[in-house]
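Visitor: Structure provided below as structure tokens; questions to follow.
The values are calculated or read from the model by the stated rules, or taken from the named source; none is laboratory data. Here the structure is a predicted model, which means the values were calculated and not measured. Neighbour counts are summed over all protein chains in view; Cβ atoms, including those assigned to glycine, are modelled from backbone coordinates with ideal geometry. Heavy atoms of the whole protein, side chains included, go into the accessibility calculation; ligands, DNA and RNA do not. Shrake-Rupley method; radii C 1.70, N 1.55, O 1.52, S 1.80 Å.
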Amino acid sequence: MTGKIAGALLLASSLLSAPALADGLYDNVNGMTLDEDGQLIRFTGILIDQDGKVTKLLDRRDKRPRELDWREDGEGKTMMPGFIDAHGHVMELGFQQLTLDLSQTNSLEEAQAAIAAYARKYPERRWIVGSGWNQEKWGLGRFPTAAELDAVVPDRPVWLARVDGHAGWANSAAIAEAGVTAQTKAPDGGRIEMVGGKPGGVFVDKATALIEQFVPVPRPAERDLALAEAQKVLLSHGVTGTADMGITIEDWQAYRRAGDAGWLNVHVAAYARGVDQMVLIAGQKPTPWLYDDKLKLVGLKLYLDGALGSRGAWLKKPYSDAPGQTGLPMLESAELRNLMSRAAMDGFQTAVHAIGDAANAEVIGAVEELSETYKGDRRWRIEHAQIVDPADLPRLGRHGIISSMQPTHETSDRIMAEARLGPDRLEGAYAWRTILNDGGKLAFGSDFPVESPDPFAGFAAAISRTGPDGQPFGGWRPQDAVSRTQALAAFTIGAAYAEFGENQIGSLTPGHRADFILIDRDLMLASPAEIRGTRLLETWVNGKPAYRSAP
């Protein structure tokens with residue numbers, strides 16, 4: 001293990017200056033949490049036991065215990081539950097910190113300059129690997145090409161994942177090493193973008209595997225470092241738990257190494273990338289919560305379609321800006337039902353990625369059919385549920401379907417969504433309040449690293465339907481904004497419920513893990529702009545401090 005990796009893991013495993021596990025009181029706070037019914041509770045002090053669980057919430061009139069092992073003074077700052085990101089990709093977030101990140105580039109030229117600089121910095125790397133490009137943000141009006149990569153790195157393979165992970169950009173060296181030619185056929189559920197009758201450099205959805213199978217696989221020590229880096233990012237944003245969507249056995253082993261060594265500091269509800277990985281990790285049933293409720297293999301992640309940005313989202317009618325395309329269904333109808341059934345028969349939860357209206361209708365139909373066979377508390381999940389036919393929205397409220405959605409997708413994608421869909425298909429787009437009004441359930445997240453894991457940006461977007469610039473004035477389709485309490489619920493108790501974790505995390509009511517953050521303002525009173533500017537002061541997990549901001 002290199003010195004850099006060892007140092008990062010030592011930092012991750014070391015306790016911040018704070019009390020060891022023992023009975024204690026964090027007092028003098030402007031505290032808020034939700035109970036199991038979604039009612040807001042205010043408090044001024046919180047008692048925590050030696051197991052890292054909440055024993056009692058105190059108000060100003062309650063007497064404080066005298067016999068305590070430790071006491072902290074919040075100095076009147078706001079305390080609330082740590083955020084739970086209902087949909088993220090932990091290893092991808094970690095590797096984003098360790099590889100070429102193009103998410104901040106605003107043009108093709110900026111991206112080319114960053115790629116060239118990275119290649120010069122790491123001349124020993126046989127492949128240049130990175131992520132984060134977005135041709136929509138660049139205003140390019142098309143996909144980038146292999147020739148545009150060749151112009152800056154002609155001598156070795158380059159493979160760069162699009163910001164949403166549903167497309168990749170390769171240079172000619174990578175295409176040649178993968179043996180892809182003009183005669184190569186794209187796999188079902190994938191597309192090779194062609195330029196002049198040859199592979200143009202961009203591979204969409206399942207076609208990415210044509211290149212990815214040749215990219216060097218990270219070593220275990222590199223995965224450990226990526227996990228350590230991801231935890232640092234999440235905790236510094238006030239995220240104390242996440243659903244990790246689409247993990248492999250190698251990811252699971254990294255979690256287990258971290259848990260065994262005592263430096264797993266975020267609650268992770270994991271969903272396996274396919275049935276094979278699910279069985280390999282957990283066997284015949286979901287795992288129990290491990291490491292003091294820090295890790296569990298909950299279920300199965302499936303992909304039914306792609307993303308709007310790469311026109312892979314499966315639509316009922318053609319794209320408005322690409323009349324010959326309706327997107328890419330990745331699974332046949334029977335295959336989807338068979339895979340969902342395979343998970344359900346052994347008690348695994350299913351989480352199905354569906355963005356387009358055709359994909360969402362297909363998943364809803366599958367749930368309606370399977371619910372006749374698989375009774376009980378199944379908590380079927382649809383990941384993203386971005387574009388839903390208005391006729392299908394009421395169906396989400398049946399059979400306990402959970403819409404796992406990302407508020408910042410709406411603010412990032414709205415202009416693109418208008419172009420892709422046209423005005424007539426926007427009624428069911430990012431329809432948070434409508435889903436709640438129709439009896440559906442919401443769980444909010446960010447889809448990091450596609451978007452920043454910053455939950456304050458997500459909270460502000462959820463209640464205002466405006467972006468960081470305050471636009472559009474009054475919000476985009478403001479009728480689907482949610483209330484502050486509904487937003488808090490979706491980021492805490494709703495996200496916990498979505499992963500069968502409501503008895504462990506998501507609330508600061510007695511019996512739950514003492515996962516909380518200390519911030520400099522009250523989200524129930526601040527404006528959306530002020531919420532985006534929230535300063536995180538502390539993050540605690542299981543009654544221990546996991547992050548403190550610099551003075």
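Visitor: Given a cut-off of 30 Å, name the pairs among 121/301; 185/285; 56/77; 296/316; 137/301; 198/317 whose C-alpha atoms lie farther apart than that in the structure shown.
Guide: 121/301; 185/285; 296/316
Visitor: If you average the sequence gap of Cα pairs under 8 Å that are 6 or more apart and divide by the length of the chain, what percent do you get for the contact order?
Guide: That works out to 17 percent.
Visitor: Also: Around residue 545, with a cut-off of 10 angstrom between Cβ atoms, what is the net charge of the other residues, counting Lys and Arg +1 and Asp and Glu -1?
Guide: Charge balance near residue 545 sits at 0.
Visitor: Next up: Got a number for the accessible area of residue 411? Probe 1.4 Å, square angstrom, nearest 10.
Guide: Roll a 1.4 Å probe over it and residue 411 shows about 30 Å².
Visitor: Per DSSP H run of n ≥ 4, the term is -39500 (n - 2.57); total these for the chain, divide by its residue number, and report the mean residue ellipticity at 222 nm rounded to 500 deg cm²/dmol.
Guide: -8500 deg cm²/dmol
Visitor: Moving to a separate point now. Thinking of segment 100-209 as a set of Cα atoms, what percent of all their pairs are more than 16 Å apart?
Guide: So the pairs more than 16 Å apart make up 55 percent of the total in segment 100-209.
Visitor: Could I ask something else about it? With a point put 7 Å past each Cα toward its Cβ, work out how far residue 321 is from residue 73 in nm, to one decimal.
Guide: 5.6
Visitor: Just subtract the alpha-carbon distance of residue 110 and residue 369 from 0.36 nm times their residue separation and send over the number in nm, one decimal.
Guide: Once the chain is fully extended between residue 110 and residue 369, it gains 88.3 nm.
Visitor: Say R0 is 25 Å: what FRET efficiency, to the nearest 0.05, do residue 250 and residue 188 get from their beta-carbon distance?
Guide: 0.45
Visitor: Also, quick follow-up: Quick one: if you stick a label point 7 Å off each Cα along the C-beta vector at residue 287 and residue 529, how many nm between them?
Guide: 4.6
Visitor: For residue 352, enumerate residues with amide H under 5 Å from its amide H, sequence gap 5+ or separate chain, H modeled in the peptide plane.
Guide: Excluding prolines and chain starts, which carry no amide H, the hits are 302, 381, 382, 383.
Visitor: Can you check what the net charge comes to around residue 438, using other residues whose Cβ is under 12 Å from the Cβ of residue 438 (Lys, Arg +1; Asp, Glu -1)?
Guide: Combined, the nearby Lys, Arg, Asp and Glu give +2.
Visitor: In terms of modelled amide H atoms, which long-range or inter-chain residues lie less than 5 Å from the amide H of residue 102?
Guide: Residues meeting the amide H criterion: 131, 132, 133.
Visitor: With θ set to phi - 60° and the Karplus curve 6.51 cos²θ - 1.76 cosθ + 1.60, what are the ³J(HN,Hα) couplings of segment 51-62 in order, to the nearest whole Hz, using x for Gly and Pro?
Guide: 8, x, 10, 6, 9, 6, 9, 10, 10, 4, 7, 6
Visitor: Measuring from label point to label point, each 7 Å out along Cα→Cβ, what is the residue 66 to residue 155 span in nm?
Guide: 7.6
Visitor: Related question: Ignoring ligands, DNA and RNA, how do 237, 384 rank by accessible area with a 1.4 Å probe, largest first?
Guide: From most accessible down to least: 237, 384.
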